[in-house]
1. With labels modelled as points extended 7 Å from the Cα through the Cβ direction, what inter-label distance (nm, one decimal) is found for residue 381 paired with residue 173?
2. So what's the range 8-155 giving for Cα Rg divided by 2.2 N^0.38 Å, two decimals?
3. Along the Cα-to-Cβ line of residue 343, 7 Å from the Cα, sits a label point; which residues in the range 162-206 have backbone N less than 13 Å from it?
4. Take the solvent-accessible surface of the protein heavy atoms, probe 1.4 Å, and return the percent of it on the range 332-431 that carbon and sulfur atoms account for.
5. Given a cut-off of under 8 Å on Cα pairs at least six residues apart, what relative contact order in percent is computed for the range 332-431?
6. Taking the full set of protein chains and a 1.4 angstrom probe, give the accessible area of residue 90 in square angstrom, rounded to the nearest 10.
7. Hey, can you find the accessible area per residue of the chain for me, probe 1.4 Å, expressed in square angstrom?
8. Taking the Cα centre as origin and putting +1 on Lys and Arg beta-carbons and -1 on Asp and Glu beta-carbons, what dipole magnitude results for the range 332-431, to the nearest 20 debye?
Amino acid sequence: MASGMQEKQYTPSLLSFFIYNPTFGPREGEEEKKILFYHPSDVEKNEKIRNVGLCEAIVQFTRTFCPTKPAKSLHTQKNRQFFFEPEENFWMVMVVRNPMIEKPNKDGKPPTVEYQEEEMLDTVYGAVVRQCYSMYKVSLSAVLEFYLQTLHLQSCDLLDVFGGISFFPLDKMTYLKIQSFVNRVEESLSLIKYTAFLYNDQLIWSGLEQDDMRILYKYLTTSLFPRHSEPEVGGVKKVAEERPTNLKDPEAKFRFPKIFVSAEDGYEELHLIVYKVHSLLCFLIASVELTREFCEQLDSLVGPQLTLLASDICEQFTINRRISGPEKEPQFKFIYFNHMNLAEKSTIHMRKTASVCLTSVHPDLMKILGDINCDFARVDEDEEIIVKAMTDYWVVGKKSDQRELYVILNQKNANLIEVNEEVKRLCATQFNNIFFLD
């Protein structure tokens, strides 16, 4: 909530999130059996049943108009409800309070509340519900509960629709060092099935399938690490739900997060081990319950090597920043997304905190980007849209060959031809090896 001299502004907030299956409690008095998950958990039982029943009735009612496409959202003055059926008869519902402005009145009268429901985009918050399903798949309800607690709906935008991955550019020698490290670990310890590396929330290497890595990337960068903020011991720390300070302590307890990844016959339950050296994160995914002997062996193999790798990658990071030039305010900012490899890049978003994504442009411009994305989603053809905002900014969207590029230009005196030429120059300098239709 942001306060001003005359009025108070309230951002969107999560009221409730629940999962239900209408076939689990078909008889009267068994309604509670339908509810598989409910957040917040301290809500009274009858209120849970009432809220689930209302959503079930709305979904059934909308089926009378289109049996194959039930409701996706319900707009009211105060709230907005989002419905998602990821699997047959399993429904996820998210209820969000609309943003609002509270204006004080004279003579001691109650303040006037103005709801700004038009500020919310269904595509953005619908994507948030689908992310919740992914979190539920990767680690069931325990992580979903924590994910919902760290969810900042006021920061959700176009990047949530894409659900992409930011990649870290490496030189060949450093990449080969990481490849050698991964091969050595997986050959020495047969229980390690997959390995992944992140640096400053950017993916360096992954042995997982693309869809699994997409889910795990979101889980790791939003849910797992905000609660692991304790200082590093000796430069290297092992992150787990319970991390012993001394591996040789006979009383030490080991409990690693469980995750589920795709397998030929469904999903496979695995255990996640995370090592952190400064800004480098190494994820090792093991296939069975981990013993003390295994952890000691892993620690002796991984710890010393990661310190050297972290130094090399940090040096590469410094080189990349030097090549990109000084950090001055550019005339344009952009978001790029590739649907084929899930690569995303944004100069609009500033450095992310543990749970909040900060942007360097006005929310009205972010909403225009979302509106353009909605237009792109309605058609399969490649196209380009150019908009001039009320603030004299130019906003350009290009969709071409499974790629999308959104540009915000601060050139209020430019005309349409000049804006188009400026975007062409941007594509030539920032995306010279990527084909965009003109």
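1. Placing both labels 7 Å beyond Cα along the Cβ direction yields 5.1 nm.
2. Details: Rg = 16.7 Å, N = 148, 2.2 N^0.38 = 14.7 Å.
Normalised Rg, Cα atoms only: 1.14.
3. 165-170, 203-204
4. Working: 2660 of 5080 Å².
C and S atoms contribute 52 percent here.
5. On the way: 127 pairs, mean separation 25.6, N = 100.
Dividing the mean separation by the residue count of the range 332-431 yields 26 percent.
6. Accessible surface of residue 90 is approximately 70 Å².
7. Per-residue accessible area for the chain comes out at 54 Å².
8. On the way: 13 positive and 15 negative charges, 107 e Å.
The calculation lands at about 520 debye.
The values are calculated or read from the model by the stated rules, or taken from the named source; none is laboratory data. Remember, predicted model here, so these are calculated numbers, not experimental data. No Cβ is skipped: glycine too gets one built from the backbone with ideal geometry, and neighbour counts run over all protein chains shown. Keep in mind that these areas ignore ligands, DNA and RNA; they rest on the heavy atoms of the full protein, side chains included. Shrake-Rupley method; radii C 1.70, N 1.55, O 1.52, S 1.80 Å.
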